[in-house]
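Chemist: Quick one: structure below, then a few questions.
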Amino acid sequence: MSLQFASLGSGSSGNSTVVRVKDTLLLVDTGFSAKAINERLETLNVSAADLTGILISHEHSDHIKGLSVLARKFDIPVWLTQGTFRKLKDKNIPKVEFIHPHGSFCIGDAKVTPFPIPHDAAEPCQFIIGDGKRRLAIATDMGFTTEYVLDQLSGVDALLLEANYDGEMLSNGSYPWHLQKRIDGNYGHLSNEQSAALAAAVEHSGLQKLCLGHLSENNNTPDNALGSVANRLRRADENVHVLKRHNASPWYAVA
Ligand SMILES: [Zn+2]
Ligand SMILES: [Zn+2]
């Protein structure tokens, strides 16, 4: 199996995904402590010392918490945009590779295609990672679905998709008005409904794995996210995985 991935945890409080392409092991985002990331990697029978590289989507703390410590401790090169790098508080990273959100590149056996996302960060992008045959897309932290994002996600073989909030829970919840506006604005996050529409638009018979992630702790539940999205899809509910907030998923193979 040449393309595999696993979530180390996904939610508004932290996000990290490990992707294996043949002998290349990549970590996308480091939203947990270096210690927690390493412990969760070990439950998947790999270690931070095995990482070929780290990709960072943007500078929000739920994506970079363990970054500098992890990169220094295990001497791992980091790929990120100049805008994201400029916003890092701890820039002491042994090796930095700057990327352009529209430019594909290779790391070992992995082909990485970044795409810009509408989100309130300096220069945010997400990633499609492939082995030359199969492709996994990670699509979280988006205020809405741009035509370009939709285009990029069409035809992928696996998708880790944001389902951040339930619209009713957000508007009836305790968040102050300005925070509600930030989350449901065009540079915030995808609601379950937006996520469902996007999933329905890109679902095809070759979409082998669909995982929902980046759920809000206060404004969503796994059942609500799954219900909204699965309702719009042709596949059965059990073929949509809701990622855990603080636990690693199993390895998912994309055959
Ligand atoms: Zn963010
Ligand atoms: Zn985030």
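Chemist: How high is the FRET efficiency from ALA49 to GLU217, r the C-beta distance, R0 41 Å, rounded to 0.05?
Modeler: 0.85
Chemist: Tell me the relative contact order for the stretch 75-143 as a rounded percent, counting alpha carbon contacts under 8 Å between residues six or more apart.
Modeler: 25 percent
Chemist: While we're looking at this one, here's another question. Taking 0.36 nm per residue of sequence separation and subtracting the Cα-Cα distance, how much length would be gained by fully extending the chain between HIS100 and LYS244, in nm to one decimal?
Modeler: Once the chain is fully extended between HIS100 and LYS244, it gains 48.8 nm.
Chemist: Between LEU150 and GLU203, what is 0.36 nm times their sequence separation minus the Cα-Cα distance? Round to one decimal in nm.
Modeler: 18.0 nm
Chemist: Do you know the relative contact order of the chain, to the nearest whole percent, from alpha carbon pairs under 8 angstrom that are 6+ apart?
Modeler: 21 percent
Chemist: Run through every distinct alpha carbon pair of the stretch 35-143 and return the Kirkwood hydrodynamic radius in angstroms, one decimal place.
Modeler: Evaluated over the stretch 35-143, this radius sits at 14.5 Å.
Chemist: In a shell of Cβ-Cβ distance under 12 Å around VAL21, excluding VAL21 itself, what net charge do Lys and Arg (+1) and Asp and Glu (-1) give?
Modeler: +3
Chemist: Work out from phi, with θ = phi - 60° and the Karplus expression 6.51 cos²θ - 1.76 cosθ + 1.60, the ³J(HN,Hα) of each residue of the stretch 143-157, listed in order in whole Hz, and give x for Gly and Pro.
Modeler: x, 7, 8, 7, 4, 5, 4, 4, 4, 5, 7, 5, x, 5, 8
Chemist: Tell me, what is the percent relative contact order of the stretch 3-87, built from C-alpha pairs under 8 Å that lie six or more residues apart?
Modeler: In percent, rounded to a whole number, it is 26.
Chemist: Right, here's the next one. Can you give me the convex hull volume of the Cα atoms of the chain, divided per residue and expressed in Å³?
Modeler: It comes to 110 Å³ per residue, whole-number rounded.
Chemist: May I ask for the net charge around LEU170, where only other residues with Cβ less than 15 Å from the Cβ of LEU170 are counted and Lys, Arg are +1 while Asp, Glu are -1?
Modeler: -4
Chemist: Going by a ≥ b ≥ c, the root eigenvalues of the Cα gyration tensor, does the stretch 120-186 fall in the rounded group (a/c under 1.5), the prolate group (a/b larger than b/c) or the oblate group?
Modeler: Prolate shape, in that a/c is at least 1.5 and a/b is the bigger ratio.
Chemist: Another one. Give, as a single signed number, the net charge of other residues whose beta carbon lies under 14 Å from the beta carbon of LYS35, with Lys and Arg counted +1 and Asp and Glu -1.
Modeler: Once all neighbours under 14 Å are counted, the net charge is +2.
Chemist: Between ASN92 and ASP120, what is 0.36 nm times their sequence separation minus the Cα-Cα distance? Round to one decimal in nm.
Modeler: 7.7 nm is the gain from fully extending ASN92 to ASP120.
Chemist: Only Lys, Arg, Asp and Glu count, each charged at its Cβ (+1, +1, -1, -1), so figure out the dipole size of the chain about its Cα centre, rounded to 20 debye.
Modeler: 560 debye
Chemist: If you don't mind, there's one more thing I want to ask. Determine, for each peptide in 65-73, 236-244, the mean count of other beta carbons within 10 angstrom over its residues, then list the peptides with the highest first.
Modeler: By packing density, highest mean first, the sequence is 65-73, 236-244.
Each reported figure results from applying straightforward, stated rules to the coordinates on display, with no laboratory input. Please read all numbers here as calculations on a predicted model, not as lab measurements. Every residue, glycine as well, gets a Cβ built from its backbone with ideal geometry; the counts of neighbours run over all protein chains shown.
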